[in-house]
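Worksheet for the structure shown next.
The values are calculated or read from the model by the stated rules, or taken from the named source; none is laboratory data. Model, not experiment: these values are computed from the prediction. Please note: Cβ atoms are built from the backbone with ideal geometry, for glycine as well, and neighbour counts cover all protein chains shown. In case anyone asks, the SASA skips ligands and DNA or RNA and just uses the protein heavy atoms, side chains included. Shrake-Rupley method; radii C 1.70, N 1.55, O 1.52, S 1.80 Å.
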Amino acid sequence: MAARRPEGDVGHGREAFAIAPETPADVPAREALLDRAMGPKRKRKSSEKLRRGRLPAEGLAFVARGPDGSLVGTVRLWDVRLGETDAPALLLGPLAVDPAMKGVGIGTALMRHAVGEAKRRGHGAILLVGDAPYYARFGFSAEKTGRLSMPGPYERERFLALELVGGALDRAHGVLKPARRNTRSEALARAA
């Protein structure tokens, strides 16, 4: 998939950016961006427990690049299981934009791209922990998360969901669990 800016023509100067699939070469710059944008406490969040030691969902890790090719934004989606029902879903996060590039639409473009790609790939629902007013513009709400919970501490009002398929979360209840794409098992599978 070619890099592109999903909303109109590429801008000029500081506003220019392109969305592309994340590559292994992007990981060091992505980690540095997350440290700048979110600080060192980001690794203590309950959603990190669902990501630790895992790879993002297949084809659902994206970066935004500035006009010079530098990484200026990132978003990933992760395979999870919905508590007691064990149904599949995605966990979004973290979404981050370089502080120097805030306010030019990178976060919005990354969100729209990630949600669109998840839907295109046939996923039923996306969950996240984040700012409700920000994520409401993409259709996320706490309406369907009341019977679900995260492993570890989190703010209930920030636990949000978006159904990509109507009814995907209707019977979901219990604690989210990580699913698939374990980095160790992936490495062993490649070695076999």
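Over the Cα atoms of region 43-82, what is the Rg over Rh ratio if Rh follows Kirkwood?
Rg/Rh for region 43-82 comes to 1.08.
Expected output is a single nm value to one decimal: the length gained when fully extending between V175 and R158, i.e. 0.36 nm times separation in residues minus the C-alpha distance. What is it?
The V175-R158 span can extend by a further 4.6 nm.
Kirkwood Rh over Cα pairs of region 61-106 into Stokes-Einstein at 25 °C, 0.890 mPa s: D in µm²/s? The partial results should precede the final answer.
Working: Rh = 12.2 Å.
Rounded, D is 201 µm²/s.
Using only the alpha-carbon atoms, what does region 49-192 span along each of its principal axes? Please give whole angstrom values in decreasing order.
Principal-axis extents of the Cα atoms in region 49-192, largest first: 46, 46, 30 Å.
Efficiency by 1/(1 + (r/R0)^6): what FRET value for E48 and E15, r their Cβ-Cβ distance, R0 = 30 Å, to the nearest 0.05? Show your work: numbers first, answer last.
Details: r = 31 Å, r/R0 = 1.05.
Step by step, r from the Cβ atoms, then E = 0.45.
Once amide H atoms are placed 1.01 Å from N in the peptide plane, what residues at a sequence separation of 5 or more from R54, or on another chain, have their amide H within under 5 Å of its amide H?
Counting only residues 5 or more places away or on other chains, the set is T183.
Can you pick out the pairs among K144/K177; K49/K177; K49/K119 whose Cα atoms lie more than 20 Å from each other? All intermediate terms of the calculation are to be shown ahead of the outcome.
Values: K144/K177 17 Å; K49/K177 9 Å; K49/K119 25 Å.
Violating the 20 Å Cα-Cα cut-off are K49/K119.
Return the FRET efficiency for the residue pair E143, E58: r is the Cβ-Cβ distance, R0 is 35 Å, and the value is rounded to the nearest 0.05. Walk me through the numbers before you get to the answer.
Working: r = 28 Å, r/R0 = 0.80.
The calculated FRET efficiency here is 0.80.
Measure off 7 Å from each Cα along the Cα-to-Cβ vector at D86 and M38, then give the distance between these two points in nanometres to one decimal.
Here the answer is 2.9 nm between the modelled labels.
Leaving out ligands and nucleic acids, note down the accessible area per residue over region 59-106 with a 1.4 angstrom probe, in whole Å². Walk me through the numbers on the way to the answer.
Values: 1490 Å² over 48 residues.
About 31 Å² of surface per residue is accessible.
Give, as a single signed number, the net charge of other residues whose beta carbon lies under 11 Å from the beta carbon of D170, with Lys and Arg counted +1 and Asp and Glu -1.
Local charge sum for D170: +2.
Over all alpha-carbon pairs of region 39-123, lay out the pair-distance distribution in 10 Å bins, whole %, shortest bin first.
16, 44, 33, 7, 1
If you roll a 1.4 angstrom probe over the protein chains with everything in place, what fraction of the accessible area of region 29-152 belongs to carbon and sulfur, to the nearest %?
Details: 2610 of 5240 Å².
So the carbon and sulfur contribution to the accessible surface is 50 percent.
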